[in-house]
Every structure is written in C-alpha cells, then in structure tokens.
Amino acid sequence: MAKLLSIAQDATRTEISWRDYLEMTKPKVVALMLLTVLVGMCLALPGAVPLQPLLAGLMGIAMMAGSAAALNHLIDRRIDGLMARTYNRPLPKGRVSVSRALSFAVLLGLAGFTLLYWLVNPLTAWLTCASLIGYALIYTAYLKRATPQNIVIGGLAGAMPPLLGWTAVTNDFHGHAWLLVIIIFTWTPPHFWALAIHRQKEYAKVDIPMLPVTHGVEFTKTCILLYTLLLAIACLLPVLVGLSGPVYLLASTILSCLFIYKAWQLKFADRSGLAMAVFRFSIYQLMLLFIALLVDHYLWS
C-alpha cells in the first residue's frame, strides 16, 4: 500500500511538473502571437504557404517565444511573488527551481533557433533571437524597472511576429510586413496600460514604474484614449497600400470604433472593473483584426 501511495505521489508530481513548465511558456500569449505569425506568412504570398516553412516556422517561433516567456518568469520571480495576479506562478511557489527554469528556457530557445536556422532560414532565426533578447532581457530585466515608457519602447519586440512570419516564407524584408508590426506596436500600450490601471497598487508595491504609478490613473486613461485613435489610423495602413480590401476595412473600422468607445468610457465614464474589461477587449480586438486580414486576403486577392 505504501509503495502504491508513493507511485501515485510521484505521478502527481510529474503531472504538476509538466504543467508548471507549460505555464512558464505563457501558452495563451504564444497562441495569439502565432496567429499574427500565420497572418504574416499568408499575406506574404498570393497562394498557399509551403508546408515546411509553415510548420517549422510556427514551431520554431513558438519555442523561442516560450523560451522568452520562461526567462520572463525567471527574472520577475521576486516581484511575481508579491503580486496577486502572479504569486501562484511556478517559480515564486518553488514548484520549479531557478536552475531548472533557466535550463528549460535556454534549451527551448536553442532548439527553436536551430529549427528556424536549418529548416526555415537564418534571417528568421536571427530576427526571432533578437525579439527574444528584446523582450526577455532588454524589456523585462531593464526597461520594465527603468522608465514608465517601458511598454512603449519594449513593445517593438512583442510586435515582431508578423514580420517573422513574412520572412519565414520569403527570406526577405518587405514594407508591408512592417505595417503589421506597426499595428501591434501601437496596440500594445493601450492594451497593457489598461491592465496596469487595474493593478496599479500592486505595481507600486513592487516599485515597477508603470505609467499609472508614475503619472497617475487619469493621465494613463488619456494616453489609452489617444493611442486607440492612433491605432485606428495604423489599422488603415494595409488598406491604403493595397495589402487588404473591403472585408478587412469594414472589420477594422468596427473594431477600432469599439476600442475607441471603450477607451472613452474608461476616461469619462469609468466604473469598477472597466479597466480590466478594456484589457480583455483589446485581446479579442487584435485577434479578430488579424483574422479579418486573413479572411480578406483569401477573398479579395
């Protein structure tokens, strides 16, 4: 009986262990990112995307994104343990050790880089590596703690996935890919600042200079509203250069108006829980926007 109990406990620990490692890769964030990678791939070509760069590109980019997320968990483990949103993560709770988390992140990143380098192309491998360094080291380790403009400056690393998808199937830069990067780059501040308003006291507690902490909630609300207006303009760029057609134009216009309206509510008619509602809406807004790009591409091209 004691032996059976020991085996059951080992099995439980194994189950918790792999779930902890999966959690460190931030799978929901990576899934949204992979959607933008896929759209970048599809918009780069008039026809079907070749199978090898499609599968190897998505897998390699996902692995390196997961590595960056694990490094984020590792670097932020102290402040994560002090915040209600993150205190139950594997590292603050001690379910995964620092050495194992580091080994996991490094091995996952190296595997992803190798896959991209040999089965996709070196350009995509190095660009993805640069994004990893930008997010995990420059943003998480330095900018996040150094300036209230952390998410604006560091947002470029998180905005790169459509470009990575584009280069994965073309092995070349193109201005159209950068338009998709601009959309995500402009979307990131209002998306994250809404969460920062909701978690203002927690960020202040751990001395992270998020905009609501350093400049106040009302100033941040104004910035969110202004950025949603800027985002609406950025979302029109694919139409203006002929990358997308009327299906995307209609969808992006509706989504932009809804985002602006929600930001206006947050600024002038705030209520309990609205900041978090704006944060959640922004996720769906980006997801639907890129789905519209994809649908328009195959209906309009």
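Of all the listed residues (T147, T124), the sole one being hydroxyl-bearing (S, T, Y) and closer than 23 Å to G175 by Cβ is T124. Checking each residue in region 273-301 for being within 24 Å of I197 (Cα to Cα) and open to solvent by less than 50 Å² (accessible area, probe 1.4 Å) picks out G273, L274, A275, M276, A277, V278, F279, F281, S282, Q285, L286.
If only residues of region 135-159 that are outside any helix (DSSP H, G or I) and of a type outside the set (A, V, I, L, M) are counted, the one that is surrounded by the most Cβ atoms within 10 Å (Cβ to Cβ) is P148.
Residues in region 160-175 that are modelled with pLDDT of 95 or more and in a helix (DSSP H, G or I): 10 in all. Filter region 160-176 down to the residues that are over 17 Å from the mean Cα position of the chain (by Cα) and small (G, A, S), then identify the one that is surrounded by the most Cβ atoms within 10 Å (Cβ to Cβ). Of everything passing the filter in region 160-176, A168 is surrounded by the most Cβ atoms within 10 Å (Cβ to Cβ).
Is it the case, given these coordinates, that G66 is out of contact with any Cys (no Cβ under 8 Å at 6 or more places or on another chain), modelled with pLDDT of 95 or more, closer than 23 Å to L293 by Cβ and crowded, with 19+ Cβ neighbours inside 10 Å? Before the answer, list the steps.
Working: out of contact with any Cys (no Cβ under 8 Å at 6 or more places or on another chain): yes; modelled with pLDDT of 95 or more: yes; closer than 23 Å to L293 by Cβ: no; crowded, with 19+ Cβ neighbours inside 10 Å: yes.
So G66 fails the test.
Restricting attention to region 69-79, the residues that are among the aliphatic types (A, V, I, L, M) and open to solvent by 40 Å² or more (accessible area, probe 1.4 Å) add up to 1.
Of all the listed residues (L266, L258), the sole one being of a type in the set (A, V, I, L, M) and within 26 Å of V37 (Cα to Cα) is L258.
Conditions tested, residue by residue: (1) open to solvent by less than 60 Å² (accessible area, probe 1.4 Å); (2) within 23 Å of R199 (Cβ to Cβ).
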position	(1), (2)
G81	yes, yes
A84	no, yes
L91	yes, yes
R100	no, no
L107	no, no
T114	no, no
V120	yes, no
L127	yes, no
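Here are the criteria: (1) in contact with a Gly (Cβ under 9 Å, 6 or more places away or on another chain); (2) more than 22 Å from A136 (Cβ to Cβ). Tell me which single one T170 does not satisfy. Every listed condition holds for T170 apart from (1).
The requirement of being free of Cβ contacts under 8 Å to residues at least 40 places away in the same chain and either in contact with a Leu (Cβ under 9 Å, 6 or more places away or on another chain) or of a type in the set (A, V, I, L, M, F, W, C) (or both) is not satisfied by I182.
The values are calculated or read from the model by the stated rules, or taken from the named source; none is laboratory data. As the structure is a computational prediction, the values presented were derived from the model and not from experiment. Methodologically, a virtual Cβ is constructed for each residue, glycine included, from the backbone with ideal geometry; neighbour enumeration extends over all protein chains shown. Quick note on the areas: whole protein, heavy atoms, side chains included, nothing else; ligands and nucleic acids left out. Shrake-Rupley method; radii C 1.70, N 1.55, O 1.52, S 1.80 Å.
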